[in-house]
Amino acid sequence: MAVAAELLDVISAIRRVARREVRQVWQDEPLPPAQGELLRLAAGRPGITVADAARELRLAPNTVSTLVGKLTDAGLLDRRRSESDGRSVRLAVTARARHRLAGWRDLRAEIAGRTLDQMSGHDRRAILAAIPALLRFAEQLESGGEG
């Protein structure tokens, strides 16, 4: 149990420090975390519905609707009526959002890459070797530890 807690603490620390470092040089106003998560989800799953996004993010549908409204007002998300069911709304990121997401991702990777370059070869190899296991860990965690 202690190892699991330590692993999650390390992952949280990496995310927090990476976010802080990127924000120091990022030109745009950072998005609140929930908006950022929804935007990344919509970019990865074009045409996702609000209900599906709510399930995926484990948020109430009205909360996701509020986030959609804010992202739409900011010009980052489009709401489109479903062609198969005119009652449901499909989400699509705008070109501006795609540009913003790519810029954030690239800047974050650049900062992490510089940090990795400063580490010893042994540590870089250890981190690289751990990536597949960490991805499997994330998948297991997502599935509730089943499988």
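The values are calculated or read from the model by the stated rules, or taken from the named source; none is laboratory data. Just so it is clear, the model here is predicted, and its values are computed rather than measured. Reconstructed Cβ throughout: ideal geometry from the backbone, glycine too, with neighbour counts over all protein chains shown.
Of everything in segment 107-147 that's hydroxyl-bearing (Ser, Thr, Tyr) and at pLDDT 95 or above, which residue is nearest to Arg20 (Cα to Cα)? Ranking the candidates gives Thr115 first. The conditions are (1) free of Cβ contacts under 8 Å to residues at least 60 places away in the same chain; (2) not assigned by TED's automatic domain parsing to the domain that holds Gly113, and Ala2 fails exactly one of them. Which is it? Only one criterion in (1) free of Cβ contacts under 8 Å to residues at least 60 places away in the same chain; (2) not assigned by TED's automatic domain parsing to the domain that holds Gly113 is unmet by Ala2, namely (2). The residues on offer are Ala97, Ala126, Ala112, and the sole one that is more than 30 Å from Leu76 (Cα to Cα) and either assigned to a helix (DSSP H, G or I) or assigned by TED's automatic domain parsing to the domain that holds Ala43 (or both) is Ala126.
On the given criteria, is Leu128 out of contact with any Phe, Trp or Tyr (no Cβ under 6 Å at 6 or more places or on another chain) and either among the β-branched types (Val, Ile, Thr) or surrounded by 11 or more Cβ atoms within 10 Å (Cβ to Cβ) (or both)?
Criteria not met by Leu128.
Scanning segment 114-125 for residues that are among the charged types (D, E, K, R) and surrounded by fewer than 11 Cβ atoms within 10 Å (Cβ to Cβ) gives Arg114, Asp117. One residue alone among Leu71, Leu135 is within 23 Å of the chain's Cα centre (by Cα) and not assigned by TED's automatic domain parsing to the domain that holds Ala51, and that residue is Leu135. Against the conditions (1) farther than 23 Å from Glu142 by Cβ; (2) touching a helix residue (DSSP H, G or I) at 6+ places or on another chain (Cβ under 7 Å); (3) modelled with pLDDT of 95 or more, Ala53 satisfies every one except (1).
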